[in-house]
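Chemist: Structure below; questions to follow.
The values are calculated or read from the model by the stated rules, or taken from the named source; none is laboratory data. Predicted, not measured: the structure shown is a model, and the values here were computed from it. Quick reminder, even Gly has a Cβ in these numbers, built from the backbone with ideal geometry, and neighbours come from all protein chains shown. These accessible areas exclude ligands, DNA and RNA; they are computed on the full protein's heavy atoms, side chains included. Shrake-Rupley method; radii C 1.70, N 1.55, O 1.52, S 1.80 Å.
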Amino acid sequence: MFIDFRLDNLANFPKELEKLLNTHREKIDTITKLKSNNYADILKPMQDMDEELSLFFTPLSHLNSIMNSDDTQKAYENSLPLLSKFSSEVSQNLELFKKIESLSCNDLESQKVIDNDIKDFKLSGVNLPLKEKKELEEIDMKLSELSNEFSQNLLNATNDYELIIKSFNDVKELPQNDLDSAKITLEDGSEAYKFTLQIPSYMAYITYGSSREYREEIYRAYSSRAPQNSEVINQILSLKNQKSKLLGFDNFADYSIAFKDASSSDSVIDFLEKLVTLALPYAKDELQELKDFAKKSDNIKSLQSFDVAYYSEKLKKEKFDFDNSMTKPYFVQEKVLNGMLDIISELFDLTIKEVTDIEKWHKCVRIFDIYENEKVSSRIYFDLEARKEKRGGAWMNDFETHYIDSDNTQHLASAFVVCNFSPTTDSTPSLLRHDDVVTLFHEMGHAIHHLFSKVKQRSVSGINGVAWDVVEFPSQFLENFAYESAILKRFAFHYKTDEAISDELLFKIKDTKNYQVALGLLRQVEFSLFDFKLHQKLYQEDEVQDLLDSIREKTALLKPPAYNKFQNGFAHIFAGGYSAGYYSYKWAEVLSADAFFECIDEENGFNKTRAKEYKDNILSCGGSKDMSELYNIWLKREAKVESLIKLYGLE
């Protein structure tokens, strides 16, 4: 039914991988020599091989991210060239391409697979001369290695830093659970507080740390991590530029757009610059209010980047009589997770049961099976607490995919949701900031997009085949409900007293949702413009920083210090697949905001009738149709940009 998550022999993994790839090479060779031009004989076995390879390799790639060690790193690094070489061989296989190009099918799902494959082959350079194909293969292999190097450098830099603070006076404003997590005993027996660059620890001090000197120190360490990545960036950008030229594109941004929902590079830039124009006047007011507050509070005459989180939190508390520490005691990780799953069950008419009798990679992992009509339909794994061996951030990773294979056997979907929430201590359970609750809902939105698929063709099932700039739609859609009182009431209970969260606090969560929203929007658009413009021509060395600085002239109303090298930690685009695609978050947010206002129900949080329609018309269809078409089928119209403006309260 489901594949057990297991990885027994790291030392031999690359050899076993090569053996599997050689078997696939033989099968592909057999397929290309078939006289048949039948979809079932050609693309069904190809999809079976895709699933087999994914099931073999995903445990290693997953473990390397969440239980990183010398052994996982070595096995992963030795496997990447093998995978890259195989992928290049397949994408350059002219006989296979001709075979697929000759196919046609009356079944719409199958025809979508054919169309996607033909486009992918062409965009992979299948028609290039042999010499250029070899060059492209080498480029792809090197890019894969550099992506891993970037990620590993960042993880190492994050783990290498510690800030030890001995005076309680410098940590006195931290919430108690953050203090408990930071507290250590030094060799001389004295008590101190340790902060790291892992997000829960870093955010705790940058937001509540009383010492401006220490705030700058930890901000400097975080914003200047992994300086060696500047050279990795140079190589990545150069290779991507070479790749796009080989494939007939002026630049990598234009190449990337060929895989996206957006119609052109110009449409992306226009969209982002419109958001800048919209947000700028509101953001100026927000920043001036913050500067005035910092000056009034502590006579800060020149507000700096390392002051923003601290004074923003203080201003929020004064303005709304509210800060994140007031709600954190009510969001116990276990109850939030259980409550969210109960909501998902109710909304989509499912049953979700925890599985406890299978092997886990870490004791904090929780596993659940999802049932529809009393039959198990999918499985989800949660690994939610920060630890040294886990890379930063939060993500959903698909494992198994729902589809019907060549033997007419149904495969069920499974997925991992990974976060970096504050870990459980001896005295305190894992407690979440409200932002963390939103993050969990976001990643769950990705997960159910994959898990709820009813598509029979693997290549367009779940998140497969979904255009990159709309893949964030279901995640952003679900996260919007993490602000609704009717939803939060289900699981917000004080970890000590079990007292339910008050209506007053729930109101303040909603009321503060758009606090400094324009500054936040400018920051996200800054990242998006930097990413996209960075891939519109070749930038090297200081040109990368110069580009970022030029964008910040419009978007950064508060200029970061010169030592801030944000790009060296921008893993989304240099190690996470978002190159020339970071704009996708805002592009998809138009869909998510529009859908949210269709589905919101003030009393219950979610309109169940609309929830079923959303599941049937969007989630269950995966990549079987373009998202714009699915959206039109559902609501009989296009999404309205005005819905995004309404969501931000910038009307």
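Chemist: If you split all Cα-Cα distances of segment 1-50 into 10 Å bins from zero, what percentages do you get per bin, shortest first?
Modeler: 21, 37, 28, 13, 1
Chemist: Work out, in µm²/s and without decimals, the Stokes-Einstein translational diffusion coefficient of segment 33-97 at 37 °C, 0.692 mPa s, Rh from Kirkwood over C-alpha pairs.
Modeler: 237 µm²/s
Chemist: Please give the length that would be gained between Lys317 and Lys554 if that part of the chain were fully extended, namely 0.36 nm times their separation in residues minus their C-alpha to C-alpha distance (nm, one decimal).
Modeler: Details: separation 237, 0.36 × 237 = 85.32 nm, distance 2.91 nm.
Taking 0.36 nm per residue and subtracting the Cα distance, the gain is 82.4 nm.
Chemist: Separate question: With a cut-off of 8 Å between alpha carbons and a minimum separation of six or more residues, what is the relative contact order of segment 393-540 in percent?
Modeler: Relative CO of segment 393-540 lands at 18 percent.
Chemist: I've got another one for you. Using the Cα centre of segment 1-116 as origin and beta-carbon charges of +1 (Lys, Arg) and -1 (Asp, Glu), tell me which of His62, Leu34, Ala75 is placed farthest towards the positive end of the dipole.
Modeler: Leu34
Chemist: Could you run the Karplus curve 6.51 cos²θ - 1.76 cosθ + 1.60 with θ = phi - 60° over segment 31-47 and give me ³J(HN,Hα) per residue in whole Hz, x for Gly and Pro?
Modeler: Along segment 31-47, the couplings run 4, 5, 9, 5, 7, 5, 10, 9, 3, 5, 8, 9, 8, 5, x, 5, 5 Hz.
Chemist: Counting only heavy atoms of the protein chains, get the accessible area per residue of the chain (1.4 Å probe) and round it to a whole Å² value.
Modeler: About 43 Å² of surface per residue is accessible.
Chemist: Now a separate question. What percentage of the solvent-accessible surface of the chain, computed with a 1.4 Å probe over protein heavy atoms, is contributed by carbon and sulfur atoms?
Modeler: Answer for the chain is 46 percent, counting heavy atoms of protein chains only.
Chemist: Rounded to the nearest whole Å³, what is the per residue volume of the convex hull around the Cα atoms of segment 211-267?
Modeler: Convex hull of Cα atoms, per residue: 126 Å³.
Chemist: Sticking with this structure for a sec: With θ taken as phi - 60° and the coefficients 6.51, -1.76 and 1.60, list the Karplus ³J(HN,Hα) couplings across segment 254-265 in order, rounded to whole Hz; mark glycine and proline as x.
Modeler: Karplus values, whole Hz, x for Gly and Pro: 5, 4, 4, 4, 4, 9, 10, 7, 4, 7, 6, 4.
Chemist: Further question on the same structure: Over all distinct alpha-carbon pairs, what is the Kirkwood Rh of segment 297-454 in angstrom?
Modeler: 18.0 Å
Chemist: Using amide H atoms built in the peptide plane, which far-off residues or other-chain residues are under 5 Å from Val355 H to H?
Modeler: When sequence neighbours closer than 5 places are left aside, the close amide H contacts are Ile367, Phe368, Asp369.
Chemist: Could you list, bin by bin from short to long, the percent of Cα-Cα pairs of segment 64-143 in 5 Å steps?
Modeler: 3, 14, 19, 16, 14, 12, 11, 8, 3, 1, 0
Chemist: Relative contact order, percent, of segment 529-606 when contacts are C-alpha pairs under 8 Å separated by at least 6 residues? Walk me through the intermediate numbers first.
Modeler: On the way: 32 pairs, mean separation 28.6, N = 78.
After rounding, I find 37 percent.
Chemist: If R₀ is 56 angstrom, what is the calculated FRET efficiency for the pair Asn604 and Lys35, using the beta carbon separation as r and rounding to 0.05?
Modeler: 0.45
Chemist: Contact order normalised by length for the chain, with contacts defined as Cα pairs under 8 Å and 6 or more residues apart; what percent is it?
Modeler: Dividing the mean separation by the residue count of the chain yields 17 percent.
Chemist: Something else about it: Please list the radius of gyration and Dmax for the chain, considering alpha-carbon atoms only, with Å as the unit.
Modeler: Over the chain's Cα set, Rg and Dmax evaluate to 24.9, 81 Å.
Chemist: Segment 424-528: which trypsin sites (Lys or Arg not before Pro) are DSSP loop and have at most 11 other beta-carbon atoms within 10 angstrom?
Modeler: For trypsin sites (Lys or Arg not before Pro) across segment 424-528 that sit outside H, G, I, E and B with at most 11 neighbouring Cβ atoms in 10 Å, the list reads Lys496.
Chemist: I would also like to ask the following. With a sphere of radius 10 Å drawn around the Cβ of Leu246, what net charge do the other residues whose Cβ falls strictly inside it have (Lys, Arg +1; Asp, Glu -1)? Could the numbers behind the result be given before it?
Modeler: On the way: positive: Lys133, Lys243, Lys245; negative: Glu132, Glu135.
Around Leu246, the surrounding residues sum to +1.
Chemist: Can you list, largest first and rounded to whole Å, the semi-axes you get for segment 128-210 by taking the square root of 5 times each eigenvalue of its Cα gyration tensor? Present the calculation step by step, with values, prior to reporting the outcome.
Modeler: Values: eigenvalues 427, 34, 11 Å².
Those come to 46, 13, 7 Å.
Chemist: Further, regarding this structure: Using only helices, what value at 222 nm comes out for the chain when you add -39,500 (n - 2.57) per DSSP H run of length 4 or more and divide by the total residues, to the nearest 500 deg cm²/dmol?
Modeler: Helix-only estimate at 222 nm: -18000 deg cm²/dmol.
Chemist: Something else about it: Once each part is reduced to its C-alpha centroid, what is the distance from segment 528-562 to segment 436-464 in angstrom?
Modeler: So the two Cα centres are separated by 33 Å.
Chemist: Next question. For segment 253-281 and segment 330-381, what is the separation of their Cα centres, given in Å?
Modeler: Segment 253-281 and segment 330-381 have Cα centres separated by 37 Å.
Chemist: Let me ask something else. Quick one: 3J(HN,Hα) in Hz for segment 337-350, Karplus 6.51/-1.76/1.60 with θ = phi - 60°, rounded, Gly and Pro as x.
Modeler: Karplus-based 3J(HN,Hα) across segment 337-350 equals 4, 4, x, 4, 5, 4, 5, 4, 4, 5, 4, 10, 6, 10 Hz.
Chemist: When only DSSP loop residues count, what trypsin sites (Lys or Arg not before Pro) in segment 135-203 have their Cβ near at most 14 other Cβ atoms within 10 Å?
Modeler: When the trypsin sites (Lys or Arg not before Pro) of segment 135-203 are filtered for loop state and at most 14 Cβ neighbours within 10 Å, Lys166, Lys172 remain.
Chemist: Along its principal axes, what span do the Cα atoms of segment 293-333 show, with the longest given first and each in whole Å?
Modeler: 39, 20, 11
Chemist: In a shell of Cβ-Cβ distance under 10 Å around Ser628, excluding Ser628 itself, what net charge do Lys and Arg (+1) and Asp and Glu (-1) give?
Modeler: Neighbour charge sum, excluding Ser628 itself: -3.
Chemist: In debye to the nearest 20, how big a dipole does segment 1-110 give about its Cα centre with +1 on each Lys and Arg Cβ and -1 on each Asp and Glu Cβ?
Modeler: That gives segment 1-110 a dipole magnitude of about 340 debye.
Chemist: Across 10 Å bins from the origin, how do the percents of Cα pairs in segment 1-141 run, short distances first?
Modeler: Reading the bins upward from 0: 11, 35, 33, 19, 3, 0.
Chemist: For segment 187-341, restrict the atom set to alpha-carbon positions and state the Rg and Dmax in Å.
Modeler: For segment 187-341, the Cα radius of gyration and maximum Cα-Cα distance read 22.1, 66 Å.
Chemist: What fraction, in whole percent, of alpha-carbon pairs in segment 93-139 exceed 18 Å separation? Don't jump to the answer; show the numbers that get you there.
Modeler: Working: 374 of 1081 pairs.
When all Cα pairs of segment 93-139 are counted, 35 percent exceed 18 Å.
Chemist: Which whole-number percent of Cα pairs in segment 270-380 have a distance greater than 25 Å?
Modeler: In whole percent, the long-distance tail amounts to 56.
Chemist: Here's something else I'd like to know. Taking just the alpha carbons, could you work out the radius of gyration and Dmax for segment 506-608, both in angstroms?
Modeler: Rg then Dmax for segment 506-608, in Å: 17.4, 55.
Chemist: Which of the listed residues, Gly576, Ser620, Ile600, is farthest toward the dipole's positive end in segment 543-643, when Lys, Arg count +1 and Asp, Glu count -1 at the beta-carbon?
Modeler: Gly576
Chemist: Restricting to DSSP loop positions (anything but H, G, I, E, B) with no more than 10 other Cβ atoms inside 10 Å of their own Cβ, which GluC sites (Glu not before Pro) remain in segment 576-633?
Modeler: Those that pass, being in a loop and sparsely packed, are Glu602, Glu603.
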